[in-house]
1. I'd like to verify a number: residues in region 423-451 that are under 20 Å from residue 529 (Cα atoms) and touching a helix residue (DSSP H, G or I) at 6+ places or on another chain (Cβ under 8 Å), how many?
2. Can you run down the residue pairs with Cβ atoms below 6 Å, 6 or more apart or on separate chains, where the first is in region 315-330 and under 13 Å from residue 355 (Cα atoms) and the partner is in a helix (DSSP H, G or I)?
3. I'd like to verify a number: residues in region 454-469 that are in contact (Cβ under 8 Å) with a residue 12 or more places away in the chain, surrounded by fewer than 20 Cβ atoms within 10 Å (Cβ to Cβ) and assigned to a helix (DSSP H, G or I), how many?
4. Taking region 329-364 on its own, how many of its residues are on the phi < 0 side of the Ramachandran plot and either touching a strand residue (DSSP E or B) at 6+ places or on another chain (Cβ under 7 Å) or buried (at least 21 other Cβ atoms within 10 Å of the Cβ) (or both)?
5. If you go through region 301-328 one residue at a time, how many are assigned to a helix (DSSP H, G or I) and surrounded by fewer than 17 Cβ atoms within 10 Å (Cβ to Cβ)?
6. Among the strands (runs of 3 or more DSSP E) contained in region 333-430, which hold 3 or more residues that are touching a residue at least 60 places away in the same chain (Cβ under 8 Å) and under 30 Å from residue 461 (Cβ atoms)?
7. Quick check on residue 510: is it at pLDDT below 80, in the same structural domain as residue 299 (by TED's automatic domain parsing) and either buried (at least 22 other Cβ atoms within 10 Å of the Cβ) or out of contact with any strand residue (DSSP E or B) (no Cβ under 9 Å at 6 or more places or on another chain) (or both)?
8. Taking into account only those residues within region 366-395 that are surrounded by fewer than 16 Cβ atoms within 10 Å (Cβ to Cβ) and under 35 Å from the mean Cα position of the chain (by Cα), which is nearest to residue 176 (Cα to Cα)?
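The values are calculated or read from the model by the stated rules, or taken from the named source; none is laboratory data. What you see is a predicted model; the values in this text were computed from it and never measured. Cβ: placed from backbone, ideal geometry, glycine included. Neighbour counts: every protein chain shown.
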């Protein structure tokens, strides 16, 4: 809006200059009006340029400043006015183009839930979404947005989750199904029990990611600015040579007028915002342009196994109680695991619930990263997780499957094994990544080597590191050679969060993954679909290609026009008009990054 006001003010200056020149025949006043406005704008640009240089970035505003001063110096104030209109109009056009490019991202912010219909003492009370508490019962009317995450307890409906997952087909929900905040209810009123506060719910997480993506500067903009040094030198050399040969300072002004900096200023960031918008439509939120640039050049991709390469549908395979019944072992384990967001926990809780077994209340639940959960049931301390924290696990227990062990007051009670299913899209995703230039595919998993090798062989991964703790994953990522970087890490759990931070690009499977993983990541796959990984790599490569093409196209046109202008063929006023044409071409070229991958 500020840029639009500046543009309107410049048009007003032009109107006053026109009135002075052609109605009152006061060319001196017209020159003065344009000179004051041009000098003021040049001063503002000079201050901004100094700030840019202090930040370690190169800028090309000096070309615009020089063009304004040189045209005023030779008395061609109409050309100066046209440059002013071009600069302020270009900024307004940039603002408009950026808004068009980021419409999908902004729609998420605009649709953020603000109120919830809570049932209090049999009455429906509207409360701010931030005041909704866990276990509250919330009513969602037809076509309303689900305000917080929860579990459906009354009614059936179809919900549109497009803003969260990119999937436009409504999803049927029945009693017991999970509801995600931000999804839009269908034609039936429903009631659900709140499982997460607003600040921890899926939609608010997504909104925070979008805000980060808008606020974080793009590294590629700095890369584009590096073109500014040779381009600026070329413009001064061509203009200075033309002035020297013809002994006419007008030639210098004519060259500088067509030396448009806007392809550098506008094209790259607009292309990146457009690409981020496109990836959002595909169900992937990318936080910054830096992530796009690194993804486009990625040579190594490392994967966690459980919940990432596997579908996340773990099934209880074997129940082995020691001194208690199967039902008691399952009930204790599931009661503790209901406090966890890990894929094993969800599977176990669903299995126990479907068998009709009761879940007991727990307190003081503590998740021990990569090991398990410790909690109290009554006065008893119950641990569910890996065998490492249980002192008396029988040594004759041998299993190659994913296993959780259960103890009560440090006494071993038994173990439960799980079988996992590989995502149907996993193998094709690996093949597509290789086709996109990814040379190395790694698996970093806390599971045993036997299981890891089976999964890796089926999906096409050759390098495996099993039995990994979080620090082991970090070590393996750091050991990736410089020639095999950038390295991308894909995971979904709390134990993956440190590795996501260490990798050049961290990508979280956020549909069912932990909030910690999503917040640690540079990008989040919102739909439970691993193929979105190859899609976002494809989008990033296309976006960076479009950004570079748009920059170089604009600079090429500028160079041609500068050479022509050095001969004196292009008047300064016409050259200023040509600048606007170059800006428009660069912006329209950059907006190609919004197009969907075919």
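1. Filtering region 423-451 down to residues under 20 Å from residue 529 (Cα atoms) leaves 423-436, 438, 441-445.
Right, trim to touching a helix residue (DSSP H, G or I) at 6+ places or on another chain (Cβ under 8 Å) and you get 423, 425-430, 432-433, 436, 438, 441-445.
Final tally of qualifying residues: 16.
2. Pairs that qualify, where the first residue is under 13 Å from residue 355 (Cα atoms) and the partner is in a helix (DSSP H, G or I), are 316/351; 330/352.
3. The first filter runs over region 454-469 and keeps only residues in contact (Cβ under 8 Å) with a residue 12 or more places away in the chain, leaving 455-456, 458-469.
Retained after the next criterion (residues that are surrounded by fewer than 20 Cβ atoms within 10 Å (Cβ to Cβ)): 458, 460, 462-467, 469.
From the residues that got through so far, the ones that are assigned to a helix (DSSP H, G or I) too are 458.
Here the count works out to 1.
4. Keep residues of region 329-364 that are on the phi < 0 side of the Ramachandran plot, which gives 329-355, 357-363.
Checking the rest, the ones that are also either touching a strand residue (DSSP E or B) at 6+ places or on another chain (Cβ under 7 Å) or buried (at least 21 other Cβ atoms within 10 Å of the Cβ) (or both) come to 329-330, 332-337, 339-340, 342-345, 347-348, 351-352, 360, 362-363.
Here the count works out to 21.
5. Going residue by residue through region 301-328, those that are assigned to a helix (DSSP H, G or I) are 305-309, 326-328.
Pick out the ones that are also surrounded by fewer than 17 Cβ atoms within 10 Å (Cβ to Cβ) and you get 326-328.
Of the residues in that region, 3 qualify.
6. Details: elements: 363-368, 372-377, 380-385, 402-408, 411-419.
Hits in region 333-430: 411-419.
7. Yes, satisfied.
8. The extreme case among them is 366.
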